[in-house]
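**Q** I am attaching a structure below and will ask some questions about it afterwards.
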Amino acid sequence: MANKITFPENFLWGAATASYQIEGAWNKHGKGESTWDRFTHTPGKIRNSDTGDIATDHYRLWKKDIGLMKKIGLKAYRFSIAWPRLLPAGRGKVNQKGLDFYSRLVDGLLAANITPFVTLNHWDIPQILEEEGGWTVRSMADAFVEYTDVITRSLGDRVKNWITHNEPAVVAWMGYGSGVHAPGLRDYKLGIRAAHHLLLSHGQAVPVIRRNSPNAEVGITLNIAWNIAASNSRADREAVRANDGEWFRWFADPLYGRGYPSDKVTDYTQMGALPNGMDFVQPGDMDVIATPTDFIGLNYYSRHVFRADGADNDPQIVFAHPKTPEHWTEMGWENHPDGLIGILGRVYFDYQPLKLYVTENGASYSTPPDEKGEIHDEHRTNYLRTHFVALHRALQAGIPLAGYFLWSLLDNFEWSHGYSQRFGIVWVDYETQKRILKDSAKWYKRVIKKNGF
Ligand code: IFM
């Protein structure tokens with residue numbers, strides 16, 4: 001029998017979602033169009049032409065969803081605000097109905113004893129601002145600050161945990177670089193500018209949040225993988241450096257006062273992605289970006305093993321295990337719990353944040369209900385259990401990890417994959433909007449109740 005694992009008394013067990021992935025009601029009650037509305041309504045962008053028009057209908061079913069959270073025993077819930085629901089024109093006139101929705105949601109959570117963690121930007125920005133250039137233009141940071149001011153003035157008395165952006169790397173590189181995400185632009189020159197304005201807007205928003213939400217804690221969420229080289233070859237190691245710099249250090253280094261990593265400035269210059277140098281960086285920007293925060297949120301899913309010495313020398317992420325569901329989730333992402341200890345240790349010891357949260361972690365498995373309507377998603381439970389062991393080991397190593405948010409509470413719209421990937425611990429029947437607690441949710445409930453397993 002395995003030894004009992006117990007977590008610190010005030011460890012915050014949570015689950016996470018994001019507005020576009022669950023809310024639906026894309027054009028209800030005065031909501032403006034978002035970049036993701038526009039993107040999903042453009043043919044050929046999303047698998048199966050799926051959209052978030054209805055998603056999990058959370059805008060209508062939010063009370064029920066709080067009921068599910070209570071049933072699972074969640075202590076915290078991380079969700080995001082749809083900026084265009086609040087400010088349909090991006091700035092200016094506030095849509096009271098949108099504000100009321102989030103205000104009721106927060107009250108409902110607090111009444112259920114669930115601590116709200118609010119993400120301000122989980123990607124669905126107003127389309128009207130995208131038409132002005134979106135994150136590629138500096139004025140977007142001003143608009144973000146205005147939006148932050150509106151929402152924190154309204155909820156700041158009750159919400160005490162704020163996350164400015166979710167995974168700015170994904171927005172910059174996939175939204176503006178590869179075009180796999182909204183707004184679908186394919187130009188790394190734009191991606192680099194977008195990254196800067198995302199970071200700048202973060203730094204500018206932090207004091208606004210602090211002003212409007214006394215005693216609140218503020219942070220940002222970065223995605224991070226555990227990157228290793230497939231061999232000791234120079235090419236494989238170089239692939240790790242380049243990829244880690246692009247996806248993590250380009251964001252973490254400026255946030256912690258180190259400026260942009262010089263190896264990547266060289267890379268981007270050589271790629272021709274900085275034709276005018278770093279002309280978008282104005283005096284003082286780097287200090288603003290490095291405004292101290294209270295915590296860092298990390299989204300960890302997988303290990304990436306890089307092999308670069310293939311015929312075309314294009315680095316690949318290779319499979320280091322047999323391709324069984326135990327080792328690989330349906331996203332094609334490796335289940336590698338030790339990487340979670342690795343990234344937590346790396347970030348804590350290297351950047352010294354005051355506090356860390358795992359703001360996302362979870363697995364995509366599509367296990368359907370059986371004839372009794374039960375969902376035996378043992379691969380997800382296995383993924384979670386092994387990652388919880390890793391969390392515990394990180395805590396034992398002295399890393400100030402304050403909580404964990406499982407991705408995701410509900411099956412939901414998984415961006416370019418549409419509804420083909422199911423990350424939820426709650427099954428959603430997209431035809432009827434019926435929800436069923438999967439076995440993993442029942443297991444998580446027991447973990448939360450015992451504060452261990
Ligand atoms: O669904 C996403 C989420 O929106 C951001 N982080 C990764 C998740 C799984 O791909």
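**Q** P(r) of segment 265-400 in 5 Å steps, Cα pairs, percent per bin?
**A** Reading the bins upward from 0: 2, 8, 13, 13, 13, 14, 14, 11, 7, 3, 1, 1, 0.
**Q** Place the peptides 328-337, 62-71 in order of packing, highest mean first, counting for every residue the other Cβ atoms within 10 Å and averaging per peptide.
**A** The packing order, highest mean first, is 328-337, 62-71.
**Q** Mind sorting Asp370, Asp149, Asp253, Asp157 by how few other Cβ atoms lie within 10 Å of their own Cβ, fewest first?
**A** Ascending number of Cβ neighbours within 10 Å: Asp370, Asp157, Asp149, Asp253.
**Q** For the chain, what does the relative contact order come out to in percent, with C-alpha contacts under 8 Å and a separation of six or more?
**A** Answer for the chain is 18 percent.
**Q** When Rg is the radius of gyration of the Cα atoms in the chain and Rh is its Kirkwood radius, what does Rg/Rh come to?
**A** Using Cα coordinates only, the ratio equals 0.94.
**Q** To continue, here is another question. What size of dipole, in debye to the nearest 20, comes out for segment 262-384 about its Cα centre when the only charges are +1 on Lys and Arg C-beta atoms and -1 on Asp and Glu C-beta atoms?
**A** Value, rounded to 20: 220 debye.
**Q** What is the gain in length, in nm to one decimal, between Thr324 and Gln352 on full extension, counting 0.36 nm per residue of separation less the C-alpha to C-alpha distance?
**A** In short, 6.4 nm is gained.
**Q** Also, I was wondering about something else. For segment 115-173, just say rounded, prolate or oblate: build the C-alpha gyration tensor, square-root its eigenvalues into a ≥ b ≥ c, call rounded for a/c under 1.5, and beyond that prolate if a/b exceeds b/c, oblate if not.
**A** In terms of gyration-tensor shape, oblate.
**Q** To continue, here is another question. As an exercise, use a Förster radius of 41 Å and the Cβ-Cβ distance of Thr291 and Asp429 to find the FRET efficiency, rounded to the nearest 0.05.
**A** Between Thr291 and Asp429 the formula returns 0.40.
**Q** Place a point 7 Å from Cα of Lys70 in the direction of its Cβ. Which residues in segment 104-138 have their backbone N less than 17 Å from it?
**A** Residues 104-116 qualify, since their backbone N sits under 17 Å from the label point.
**Q** Can you divide the C-alpha Rg of segment 223-272 by 2.2 N^0.38 Å and report the result to two decimal places?
**A** Expressed relative to 2.2 N^0.38 Å, the Cα Rg reads 1.19.
**Q** Same structure again: Determine the distance separating the Cα centre of segment 404-453 from the Cα centre of segment 100-173; give it in Å without decimals.
**A** Centre-to-centre distance over Cα atoms comes out at 23 Å.
**Q** Sticking with this structure for a sec: At what distance in nm do the modelled label points of His417 and Glu371 sit from each other, each positioned 7 Å from its Cα along Cα→Cβ?
**A** With each label point 7 Å from Cα toward Cβ, the separation is 3.0 nm.
**Q** Would you list the membrane-span-like helices of the chain, meaning whole DSSP H runs whose alpha-carbon atoms span at least 18 Å along their axis and whose mean Kyte-Doolittle value is at least 0.0?
**A** Span-like helices, by this rule, are 96-111, 139-155, 338-351.
**Q** Further question on the same structure: Find which of Ala89, Leu274, Leu99 sits farthest along the positive direction of the dipole of the chain, computed with +1 on the beta-carbon of Lys and Arg, -1 on that of Asp and Glu, about the Cα centre.
**A** Projecting each Cα onto the dipole axis, the largest value belongs to Leu99.
**Q** For segment 153-281, what is the convex hull (Cα atoms) projected area averaged across all directions, in square nanometres?
**A** 9.4 nm²
**Q** Give me the extension gain from Gln316 to Ala111: residue separation times 0.36 nm, minus the current Cα-Cα distance, reported in nm with one decimal.
**A** Additional length available on full extension: 69.0 nm.
**Q** Apply 1/(1 + (r/R0)^6) to the Cβ-Cβ distance of Asp309 and Thr266, taking R0 = 25 Å, and write down the FRET efficiency to the nearest 0.05.
**A** The formula returns an efficiency of 0.70 here.
**Q** Now for a different question. For segment 321-453, just say rounded, prolate or oblate: build the C-alpha gyration tensor, square-root its eigenvalues into a ≥ b ≥ c, call rounded for a/c under 1.5, and beyond that prolate if a/b exceeds b/c, oblate if not.
**A** Here segment 321-453 falls in the prolate category.
**Q** Also, I was wondering about something else. If you take the beta carbon distance between Arg237 and Arg138 as r and set R0 to 35 Å, what does 1/(1 + (r/R0)^6) give as a FRET efficiency, to the nearest 0.05?
**A** Here the calculated transfer efficiency is 0.45.
**Q** Next up: Return Phe117, Phe7 ranked ascending by Cβ neighbour count within 10 Å, so the fewest neighbours appear first.
**A** Ascending Cβ contact count within 10 Å gives the list Phe7, Phe117.
**Q** Among the lysines, select those whose C-alpha is under 21 Å from the C-alpha of Lys438, and discard any that sit fewer than 8 residues away in the same chain.
**A** Once the sequence-local lysines are set aside, what remains near Lys438 is Lys63, Lys64, Lys70, Lys71, Lys75, Lys372, Lys449, Lys450.
**Q** For the chain, what is the charge dipole size about the Cα centre, in debye to the nearest 20, if Lys and Arg each add +1 at the Cβ and Asp and Glu each add -1 at the Cβ?
**A** It comes to approximately 1520 debye.
**Q** How do Val106, Val206 rank when sorted from fewest to most other Cβ atoms within 10 Å of their own Cβ?
**A** Val106, Val206
**Q** Per residue of the chain, what 222 nm ellipticity follows from adding -39500 (n - 2.57) for every DSSP H run with n ≥ 4, rounded to the nearest 500?
**A** My calculation for the chain gives -11500 deg cm²/dmol from helical runs alone.
We did not get these values from a lab; they are worked out from the coordinates using the rules stated. Keep in mind it's a predicted model, so treat the numbers as computed, not measured. Every residue, glycine among them, receives a Cβ derived from its backbone with ideal geometry; neighbour counts consider all protein chains shown.
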